[in-house]
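Here the structure is laid out as C-alpha cells; the discussion comes afterwards.
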Amino acid sequence: MTARGTTGQGPAQESAQRAAAPARPGRRTSGAQAPGRRPPASQQVSQRTAPPRTPASRPDMARTSPSGTRHDVVSDQLADRLAERTAMARYRVWRRIGWTALALAVTTGLVWATFFSPLLALDPEQVRVSGQGTTVDVGQVRETVTDQAGVPLPRIDTVGLREEILAMNAVKDVEITRAWPDGLAVRLTSREPVAAVPQQGDVHALMDAEGVRVGTAKEVPDNLPSIVVSLANGEAGRRAMNAALEVLGALPRNLAGDIQTVSAATQDDVRTTLKDGRVIRWGSGAQVELKTKVAQTLLRAEPSATTIDVSSPALPVTR
C-alpha cells in the first residue's frame with residue numbers, strides 16, 4: 001500500500017484539497033496564461049479592437065473643464081471678443097482714413113481758393129497810391145501795379161514790384177501792402193528837388209538832396225534856389241555840388257524857401273544868398289543842423305548883418 005492508502009484519502013479528496021488550497025508564489029492558476037504562451041485568438045482580437053477608455057471619452061466628461069465650465073461656452077466668448085476687437089480696429093482705421101481724406105479735401109480747396117481762384121484777384125479799381133509828392137508820375141506807378149490785375153493777391157510778387165517802382169528816379173522809397181480781399185496800397189516817398197542846376201541847352205536839372213536828378217525845367221522854379229557850381233573841375237566840381245546839396249537838404253523849410261542861389265567854389269566853401277541879399281557862409285556840409293540853429297539866431301539878432309559866417313558854429317562871425 002502507498003501513503004495515499006495509509007491516509008485513507010482517495011483521489012477525489014486530494015483533487016478537492018488542491019483546488020481549495022491558495023496558489024503558491026511562482027505558480028499560476030489554471031485560468032491564467034502561462035509564461036511564453038500566446039493568448040487565444042479571441043482575446044487578441046478584442047485587445048486590438050477595443051481602445052482604452054479614458055476619462056475624456058466618457059460622455060458625461062466631454063468638453064468640460066475641471067472647474068465645471070464647458071469649453072464650447074468659453075470658445076464662443078473668446079470668438080466674440082476677438083470679432084469685436086477686429087471690428088473696432090477696422091472702424092478706427094476707416095475713421096482715420098475718412099478724417100485724412102476730409103482734411104486733404106479742405107486743404108486743397110483752401111489752396112485753390114487762395115492762390116488760383118478769382119476770389120482774391122487784384123482789382124485795378126482797388127489800387128491806392130499815396131505820397132507821390134510833386135515829382136513822381138502817379139500814372140506810371142499805377143500802370144506798373146495794375147499790370148498784376150487778375151492775379152490773386154498771395155501770388156503777387158511785391159518785392160519785384162517794389163524794385164520796379166524804385167527804378168523810377170523820382171521815387172526814394174516805396175511800401176506795398178495787400179489790401180484784402182482784392183486791393184493794393186502803395187505808399188511812396190518821393191524825391192523832392194532842393195535846387196536847380198544849370199545845364200547845357202538853357203535848361204535846369206532839378207536835383208534832390210542826394211544829388212539825384214528828379215526832373216528838368218526851362219526856368220528855375222520860384223521855390224527852388226539855383227546852384228552855381230563849376231563842373232569843369234571834374235571830381236572836385238561834383239564834390240562841391242554834393243556839399244551844396246547836403247546843406248540845402250538839411251535846412252528847414254522856412255529857411256530853404258528864403259534862399260535864392262547857392263554857390264560852392266569847393267566842397268568846404270558853400271555859400272547861400274537869401275532873397276534879401278544877405279549871405280550865409282556854411283563851410284562844408286558837416287554839422288549842418290547846429291550851423292542852421294546858429295544862423296537862424298544871428299539872422300534874428302543882427303538883421304543888419306550882410307554876411308553870417310557859421311563855418312565854425314562855436315565861433316560864428318557876422319559882418
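The values are calculated or read from the model by the stated rules, or taken from the named source; none is laboratory data. Not measured: the values here are computed from a predicted model. Every residue, glycine as well, gets a Cβ built from its backbone with ideal geometry; the counts of neighbours run over all protein chains shown. The accessibility values were calculated without ligands, DNA or RNA, using every heavy atom of the protein model including side chains. Shrake-Rupley method; radii C 1.70, N 1.55, O 1.52, S 1.80 Å.
I need the strands (runs of 3 or more DSSP E) fully contained in segment 171-288, keeping only those with at least 1 residues that are charged (D, E, K, R) and over 24 Å from S311 (Cβ atoms).
On the way: elements: 171-179, 183-190, 195-199, 203-207, 213-217, 226-228, 259-264, 270-274, 279-283.
Correct list: 171-179, 183-190, 213-217.
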Practice problem: List the number of the failed condition for A240; all other conditions in (1) under 48 Å from the mean Cα position of the chain (by Cα); (2) open to solvent by less than 30 Å² (accessible area, probe 1.4 Å) hold. | Solution: (1)
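Quickly run through segment 309-319 and pick out the residues that are in contact (Cβ under 8 Å) with a residue 24 or more places away in the chain, part of a loop (DSSP other than H, G, I, E, B) and surrounded by 15 or more Cβ atoms within 10 Å (Cβ to Cβ).
Those that are in contact (Cβ under 8 Å) with a residue 24 or more places away in the chain, part of a loop (DSSP other than H, G, I, E, B) and surrounded by 15 or more Cβ atoms within 10 Å (Cβ to Cβ): V310, S311, P313.
Within segment 288-308, how many residues turn out to be under 16 Å from G277 (Cβ atoms) and surrounded by 12 or more Cβ atoms within 10 Å (Cβ to Cβ)? Reasoning before the result, please.
Our first condition is that a residue be under 16 Å from G277 (Cβ atoms); within segment 288-308, this holds for 295, 298-299, 302-308.
When the remaining residues are screened for being surrounded by 12 or more Cβ atoms within 10 Å (Cβ to Cβ), the result is 295, 298-299, 302, 305, 307-308.
Total meeting the criteria: 7.
Is it the case, given these coordinates, that E143 is on the phi < 0 side of the Ramachandran plot, out of contact with any helix residue (DSSP H, G or I) (no Cβ under 9 Å at 6 or more places or on another chain) and either crowded, with 16+ Cβ neighbours inside 10 Å or not in a strand (DSSP E or B) (or both)? Quick ask: steps written out before the conclusion?
Numbers: on the phi < 0 side of the Ramachandran plot: yes; out of contact with any helix residue (DSSP H, G or I) (no Cβ under 9 Å at 6 or more places or on another chain): yes; either crowded, with 16+ Cβ neighbours inside 10 Å or not in a strand (DSSP E or B) (or both): yes.
Criteria met by E143.
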Quiz item: What tally of residues in segment 146-171 results from selecting those that are in contact (Cβ under 8 Å) with a residue 40 or more places away in the chain and either open to solvent by 50 Å² or more (accessible area, probe 1.4 Å) or within 20 Å of E192 (Cα to Cα) (or both)?
Solution: 3
Quiz item: How about segment 152-170: which of its residues are of a type outside the set (A, V, I, L, M) and in a loop (DSSP other than H, G, I, E, B)?
Solution: D157, N169
Quiz prompt | Breaking point among (1) surrounded by 14 or more Cβ atoms within 10 Å (Cβ to Cβ); (2) of a type in the set (S, T, Y); (3) within 52 Å of the chain's Cα centre (by Cα), for T216 | solution = (1)
